[in-house]
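The values are calculated or read from the model by the stated rules, or taken from the named source; none is laboratory data. Just so you know, these numbers come straight off a predicted model, no measurement behind them. Note that each Cβ is placed from the backbone with ideal geometry, even for glycine, and that neighbours are counted across all protein chains shown. What goes into the accessible areas is simple: the full protein's heavy atoms, side chains included, and nothing from ligands, DNA or RNA. Shrake-Rupley method; radii C 1.70, N 1.55, O 1.52, S 1.80 Å.
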Amino acid sequence: MARVSLLLASFVSLAVASPAFKTFIAQETIPSAPEGFANLGPAAVDAVMNLRMALPSKDAAGLHAALLDVSDPKSANYGKHLSKDEANAFLAPSADAVSAVQEWLSSKGLVGKVSAGTGDWLSVSVNVSTANELLSAKYETFQHIESGKTYNRALSYSLPSEVASLIDHIHPTVVFNNPLSLGPVLSAPGLVSDATPSSCATTITPACLQSLYNIPKTKVTAAAGNSIAVAGFIDQYANSADLKSFLTKFRTDMSSSTTFTLQTLDGGSNPQSSSQAGVEADLDVQYTIGVATGVPVSFVSVGDNWEDGDLEGFLDIVNFLSDEDDIPPVMTTSYGENESDMTKTLAFKLCDAYAAFGARGVSVIFASGDGGVSGSQSASCSKYKPTFPSGCPFLTSVGSVHGISPETASTFSSGGFSNYWGIPDYQADAAAAFLTAQGTKNSGLFNASGRGFPDVAAQGENVQIVSGGSTGGVDGTSCAAPIFASVIALINNDLIATGQSPLGFLNPWLYANADALNDVTAGSNPGCSKSGFAAVSGWDPVTGLGTPDYNKLRAAAGL
C-alpha cells in the first residue's frame with residue numbers, strides 16, 4: 001500500500017510539473033475589422049502563416065533611461081553610447097520566458113525560431129487549422145476593398161494560462177495594416193514635371209539646399225565608421241544610371257561615378273533596369289549622396305519574403321540591423337502608416353527597437369507622412385490621425401516645407417499628437433507653449449497629452465530627381481527626411497574625425513538647441529475636413545522646431 005501511494009504521489013507530482021496548456025486567457029479582442037475591410041468568411045484551413053510572438057523585454061524602462069542618459073547634452077554620460085550587446089541586453093527576454101513558450105509550442109510539435117539581435121521575438125510557421133487550435137482563435141479572410149488585397153486575421157485570440165503573461169503580442173492576429181498607408185510617404189506617385197524653374201522658390205535642387213541651409217559643397221573625407229543607411233521597401237530600387245545622371249546634372253562638382261553600397265534582407269535585390277527604377281529609392285539615394293558630399297551611403301533593400309507578414313519588412317529590418325556589430329550612425333526611412341493600424345503592444349515593441357539603435361549612437365530619422373492631420377496619406381476622418389512610427393518618442397520625425405523667404409509649411413506635412421505615447425520630458429516645454437498659444441482651437445480632435453510630431457522639417461516640394469531616365473520634381477516628407485539626415489551625417493563626420501561620438505538620438509539635443517534651426521511660422525496642415533494645425537513661432541505639429549542650419553547645428557554640437 002505504501003508503494004502504491006508513493007507511485008501515485010510521483011504521478012501527481014509529474015502531472016503538476018507538466019503543464020496541460022488547457023486553460024486559456026483572452027488576450028486581444030477587436031469588435032470588427034476596421035473600416036475598408038470586408039469579411040470573406042473562414043480562412044482556408046491549410047493556408048500557411050508565419051506567427052511572430054513578441055516576448056516581454058527584461059528591462060525596456062532601463063533602456064529608455066540609458067538612452068536619455070547618453071543623449072541629453074546636460075548628462076555627464078552624453079555621447080557615451082552603448083555597445084550592441086549592452087543595448088540588446090535590455091530588450092532580451094528572460095531565459096525562463098523563452099523556455100516556457102518553447103515548451104508550449106513543443107506540446108504541439110512546434111519549435112519557435114528565435115529572432116536575431118535582441119531575441120525578443122519567436123516565429124513559427126503553421127497552417128490556419130493549427131493557429132486556430134494554438135490560439136483558441138477563429139481566423140477569417142478579410143479583403144481590403146480599395147486595394148483588393150486579402151489577409152487572414154482573427155478578431156480575438158487567447159493563450160494558455162501558463163504563457164499568457166510571457167507573450168506581449170502575436171502577429172498576425174488583430175492588427176489590420178492598411179496596405180495603402182504602409183508605403184512611401186511621397187505625395188507624387190511619379191514625376192511632376194520635366195520643367196526646371198529657375199528659382200529655388202519653386203524648385204529644389206542640391207544647390208538650393210546648400211544655399212538655404214548653409215550646407216557645405218566641399219567633399220568631406222569620410223571618417224571611419226560614418227555613413228548613412230537608406231531603407232528601401234515594397235520593390236523600390238535605386239538606379240545607378242539615374243544617380244549618375246542626377247549628379248551630372250545637379251552636382252557637376254562631384255564625380256558622376258559616386259555610388260552606394262547595397263545590403264539586402266528578405267530576398268531583397270536592386271535590379272538596374274530603367275523600368276524598375278523606384279521614384280522613392282532614387283530620391284532617397286540622390287538626396288543623401290548629393291547633399292552629404294563624401295559621406296558613404298548604403299541602400300538596404302528589403303525584399304518580399306517577409307517574415308513579419310503585412311508589416312512588409314518593418315520588423316525584419318529592425319531585427320536585421322540590431323544583430324549587426326556596426327550600424328550606420330544615421331538611418332533614414334521614408335515609409336510609415338497610421339498609428340491606429342498598429343496595436344499599442346506591437347507599436348511599443350518596434351519603438352523600443354528604435355530606442356536601442358539610439359542608445360548605440362544611431363540617429364533614427366523618419367518622414368512624418370503626407371496626409372496633414374488625416375494620417376500618413378490624405379483620408380476622411382472625424383478626428384486627427386497620428387502616424388507611426390513618428391509618434392515614437394525615440395526617433396526624429398521630419399515634416400515638409402516649401403518656398404523661401406519665408407519657408408512655409410507644406411499642407412500635406414503630417415503632424416499631430418500620438419494616442420499611444422505621452423509627451424516626453426525633452427519636448428514638454430515646447431509642446432506646452434504650442435498648446436497654450438493654440439487655446440481651444442482643434443479641441444477634442446487630438447490627444448493634448450500625447451507626444452507631438454514632427455520634430456523638424458526640410459524642403460519637400462518640387463524636389464528635382466532623375467528616375468527611369470526622366471528628370472522632374474516630386475513632393476513629400478520623403479524628400480525632407482533624407483535631406484535632414486544628410487545634414488546630420490555631415491556633422492557626424494566632423495565629430496568622428498575629431499575623436500568624438502556621433503550625435504546619436506537627436507531629440508534632446510535638438511530641443512535644447514532650438515535656435516539652431518530656422519523657425520517656420522507660416523502655413524498649416526489641414527485634413528479631416530478641418531483646418532489642422534498652424535505653423536507658429538517655436539515648435540509646432542506641422543514643421544516641428546523648423547528647418548536645419550548646418551552652421552548653427554554644427555556649433556551646437558561643439559564644433
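Points to keep in mind about this one:
- Sequence of 221, 29, 477 when ordered by accessible area, the most exposed leading, probe 1.4 angstrom: 221, 29, 477
- Helix 2-17 axis, angle to the chain major axis (alpha carbon atoms, nearest 10°): 20 degrees
- Neighbour net charge for residue 508 - beta-carbon separation under 9 angstrom, K R +1, D E -1: -1
- Lysines with Cα under 20 Å of residue 74, excluding same-chain neighbours fewer than 8 positions away: 552
- Over the chain: helical MRE at 222 nm, DSSP H runs n ≥ 4 each giving -39500 (n - 2.57), nearest 500: -8500 deg cm²/dmol
- Residue 498 accessible area, 1.4 Å probe, all protein chains in place, Å² to nearest 10: 90 Å²
- Remark: the range 42-96 carries 48 Å² of accessible area per residue (probe radius 1.4 Å; ligands, DNA and RNA excluded).
- Fraction of antiparallel bridges per DSSP, the chain only, in percent to nearest 5: 65 percent
- Whole-Å distance, taken between Cα centres, linking the range 209-285 and the range 446-465: 23 Å
- When the alpha carbon gyration tensor of the range 17-148 is reduced to an equivalent ellipsoid, its three semi-axes come out at 36, 23, 13 angstrom, largest first.
- Helix 477-497 axis versus longest C-alpha principal axis of the chain: approximately 80°, rounded to the nearest ten.
- Potential extension, residue 325-residue 262 segment - 0.36 nm per residue separation minus Cα distance: 21.0 nm
- Heavy-atom accessible surface of the chain: percent carbon and sulfur, 1.4 Å: 53 percent
- For the range 504-559, trypsin sites (Lys or Arg not before Pro) are listed when DSSP marks them as loop and at most 10 other Cβ atoms sit within 10 Å of their Cβ; the list is empty.
- Unpartnered cysteines - no second Cys beta carbon under 4.7 Å - across the chain: 479
- For residue 501, the solvent-accessible surface with a 1.4 Å probe is about 50 Å², rounded to the nearest 10.
- Residues of type lysines that residue 22 reaches as a straight line, Cα spacing below 22 Å, ignoring anything fewer than 8 places off in the same chain: 108, 138
- Members of 58/84; 58/383; 84/217; 113/385; 80/217 lying beyond 24 Å, as alpha-carbon distances in this model show: 58/383; 84/217; 113/385; 80/217
- Other residues whose C-beta falls under 11 angstrom from the C-beta of residue 519 contribute a net charge of -4, scoring Lys and Arg +1 and Asp and Glu -1.
- Taking the C-alpha atoms only, the angle from helix 428-438 to the longest principal axis of the chain is near 70 degrees.
- Per-residue SASA entry for residue 436, accessible area with 1.4 Å probe, Å² rounded to 10: 110 Å²
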